[in-house]
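First up is the structure itself, then whatever we jot down about it.
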């Protein structure tokens, strides 16, 4: 480990000029030429999971490395286990009723609050994106787009119902109406390359619609998702509404699709083998499978695709 | 707990007996043998095989129906593909709609014939076939016809286009209605169809084929292939199908969902149910008793959304059960063609066997069984209306779909207990709430995880009203605006 650290520090020093304006406390490391008496060792962040409003390590105590664009080691990520996933589903189920019963107004305010908190930490997120290879301008653009995406869906929470619900003119003497209700607990496989904007586009429409979820962050770019957990945590998002795991997609994808207490699985990507596996496993409990291809347009249909339609009848009479 | 006689006893006890009032069956024309309806005409099956379809009330053979094999299915899909590419997808939507309106009108014109055959072939009371199945089937065509040229308004900011060729597999409980329920939206959205009716109830679908032919619908737009499960399986597995619409059991639905994995085919599944019908103490009890009867004994309980679990608030449980038993004793069981009949024949020997095995299981598991004492006919398949008390949540008759006239009764004390018991099932198709308190209806209705909630009513259907389940009761909706998206690609 010592050897590795040394290597990291040296490489970092070489990089220093290139990324000297990076803001994140995590990424910027002390230069070796600082006089020893003045040097301050940076405090690095431990990236953990986000389950039930807490930041546990994986129960399996396994890890995998996230490397920067230059090949340097950025972090040891938690390699979540199936048991972590089951714990997260429990948390999402526990949070489901109160979140789906929260008023649309409140859900909107909480989504907006996430945007506010993210805006305040824009620099940190940009730096994280830079560390994993994004150019500075691309990183800044992604962060602002992510914030705006949250504001966009914050505004949808109390409107989509009006667009998609209906009063149905039945022929008999009944009042009959159909409304949308959240599907419930959703497992989300984030796009392989999605980082901040991808993660938020995946998740925001689901929670805007009152679902609770367990998301598996992109395996190769999980930093933003886990850092976002800190933002969610300080935005009045109730514990368990969003749970985030990091780890190997290949060893978790089947569980995400087959768990009997998950109502729907959202798959972001276009790997036909994975899609087949997910669709097969989902049949165990007639789970809804939502496949989102890359470049799906944001909009209320992203919310409605994870909703059930409930129709209520009542006689008209005395 | 209150005991003894209910405060207000409904007086069913009159000196009047109902005289027989059988509907004459001679108006219905049933051929001795039916081929497959492919490319606008009836053709002999390549399989060369036929099977008998019988009247479950008499066990007499009504007709012989072709058994389509994979070759036949392939042929039907090819024809449907041709009709899609060359005719139906190119037709102006308004003209498409006019064909569908025509079908609706012809069904209305031939309503009596349809009602009789539906009753003969499936065993359901003529009163239900006449007043519900057939008019609703016509209504489904009439409603969807109008959508054909208005689809852009249904999905703002999207451009809807047809899916292509759809395969549809329907059950035996509402043979004509399910065919209409499936075909009408498919056609309105610009798709062509290969439909497989249920093995025991093919006749009204084949009569519908006559209507479709008489309406001059372009050849091959609707094709009907009869057969058993293997025919359905060939349809599901056909490579050139773009969408499968299935109504049937959850077990088969699961297999279909699994086998469609990775194919990119769209699907909608309307599967089983175990609906809770919740009676609160403040409900209008006499109306609720009628509602319970309708919820579970409508169509001999062969209804996926049947209220097969009765949850009744403890303070009125004795009263409700007493009244229910009294009312059950007045139900008229017998000749489905008799206009007074309330309870017809069980659809098939196999289904009767399944129901009877649950009756045995229910008693073995410790529940107390009550059955109508009315004598049932000597021939045919019959099950007297049945209820079970003293049942526990773990009992099979509470957890599993019986699909027959069998009601399991449980009690509860609080609203929350009722909701939690109602939701304690893998199903989520429908639910009933009986109370005079509006706020309670909205609370309970909101918290039951099911696609259809009937409040102070039960088993009501309409083409404008979306229908479909939560959880293991299925995927997608049929009917209404929400049902259209199942038959469209939306970009």
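Please determine whether any residue of the stretch B:279-291 is within 23 Å of the chain's Cα centre (by Cα) and under 30 Å from residue B:33 (Cβ atoms). There is no residue in the stretch B:279-291 that is within 23 Å of the chain's Cα centre (by Cα) and under 30 Å from residue B:33 (Cβ atoms).
Counting only residues that are within 17 Å of the chain's Cα centre (by Cα) and either surrounded by fewer than 24 Cβ atoms within 10 Å (Cβ to Cβ) or at pLDDT below 95 (or both), the stretch B:163-176 holds 2 of them.
Could you check the stretch B:151-164 and list, in sequence order, the residues that are away from every other protein chain (no Cβ under 14 Å) and touching a helix residue (DSSP H, G or I) at 6+ places or on another chain (Cβ under 8 Å)? B:151, B:162, B:163, B:164, listed by residue number.
Yes/no matrix, rows are residues, columns are (1) outside any loop (DSSP other than H, G, I, E, B); (2) at pLDDT below 95; (3) closer than 12 Å to residue B:124 by Cα; (4) outside the structural domain of residue B:321 (by TED's automatic domain parsing):
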{"residue": "B:345", "(1), (2), (3), (4)": "no, no, yes, no"}
{"residue": "B:352", "(1), (2), (3), (4)": "yes, no, no, no"}
{"residue": "B:361", "(1), (2), (3), (4)": "yes, no, no, no"}
{"residue": "B:366", "(1), (2), (3), (4)": "no, no, no, no"}
{"residue": "B:369", "(1), (2), (3), (4)": "yes, no, no, no"}
{"residue": "B:383", "(1), (2), (3), (4)": "no, no, no, no"}
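Scanning the stretch B:150-167 for residues that are part of a loop (DSSP other than H, G, I, E, B) and free of Cβ contacts under 8 Å to residues at least 60 places away in the same chain yields B:150, B:156, B:157. Of the listed requirements (1) out of contact with any helix residue (DSSP H, G or I) (no Cβ under 6 Å at 6 or more places or on another chain); (2) facing another protein chain (nearest Cβ under 10 Å); (3) in contact (Cβ under 8 Å) with a residue 12 or more places away in the chain; (4) surrounded by 16 or more Cβ atoms within 10 Å (Cβ to Cβ), residue A:290 misses just one: (2).
If the condition is being surrounded by fewer than 20 Cβ atoms within 10 Å (Cβ to Cβ) and within 10 Å of residue B:37 (Cα to Cα), then the stretch B:199-218 contributes B:210, B:213.
Considering the stretch A:191-221, and only residues there that are touching a strand residue (DSSP E or B) at 6+ places or on another chain (Cβ under 6 Å) and modelled with pLDDT under 95, the residue that is surrounded by the most Cβ atoms within 10 Å (Cβ to Cβ) turns out to be A:202. Reported count of residues in the stretch B:48-76, each being over 26 Å from the mean Cα position of the chain (by Cα) and touching a residue at least 60 places away in the same chain (Cβ under 8 Å), is 3.
Close Cβ contacts (under 6 Å, 6 or more residues apart or on different chains) running from residues in the stretch B:347-366 that are surrounded by 15 or more Cβ atoms within 10 Å (Cβ to Cβ) to residues that are modelled with pLDDT of 95 or more and part of a helix (DSSP H, G or I) comprise B:347/B:122; B:358/B:397; B:361/B:396; B:362/B:397. Residues in the stretch A:255-274 that are surrounded by fewer than 18 Cβ atoms within 10 Å (Cβ to Cβ), facing another protein chain (nearest Cβ under 9 Å) and within 22 Å of residue A:245 (Cβ to Cβ): A:260, A:273.
Listed by position, the strands (runs of 3 or more DSSP E) inside the stretch B:425-491 whose residues that are facing chain A (nearest Cβ under 10 Å), free of Cβ contacts under 8 Å to residues at least 12 places away in the same chain and farther than 30 Å from residue B:187 by Cα number at least 2 form an empty set. Residues of the stretch A:152-175 that are in contact (Cβ under 8 Å) with a residue 40 or more places away in the chain, touching a helix residue (DSSP H, G or I) at 6+ places or on another chain (Cβ under 9 Å) and either within 14 Å of chain B (Cβ to nearest Cβ) or surrounded by fewer than 21 Cβ atoms within 10 Å (Cβ to Cβ) (or both): A:152, A:155, A:156, A:158, A:159, A:160, A:161, A:163, A:164, A:168. If you check A:47, A:64 for being in contact with a helix residue (DSSP H, G or I) (Cβ under 6 Å, 6 or more places away or on another chain) and away from chain B (no Cβ under 14 Å), only one passes: A:47.
For (1) touching a residue at least 60 places away in the same chain (Cβ under 8 Å); (2) in contact with a strand residue (DSSP E or B) (Cβ under 9 Å, 6 or more places away or on another chain); (3) part of a loop (DSSP other than H, G, I, E, B), each residue gets a yes or a no:
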site: B:292; (1), (2), (3): yes, yes, no
site: B:296; (1), (2), (3): yes, yes, no
site: B:307; (1), (2), (3): yes, yes, yes
site: B:312; (1), (2), (3): yes, yes, no
site: B:318; (1), (2), (3): yes, no, no
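Among the candidates B:253, B:262, B:301, the residue that is in the same structural domain as residue B:483 (by TED's automatic domain parsing), at positive phi and either at pLDDT 95 or above or surrounded by fewer than 23 Cβ atoms within 10 Å (Cβ to Cβ) (or both) is uniquely B:262.
The values are calculated or read from the model by the stated rules, or taken from the named source; none is laboratory data. None of the values given here were measured: they were computed from a predicted structure. Neighbour counts run over all protein chains shown; Cβ positions are idealised from the backbone, glycine included.
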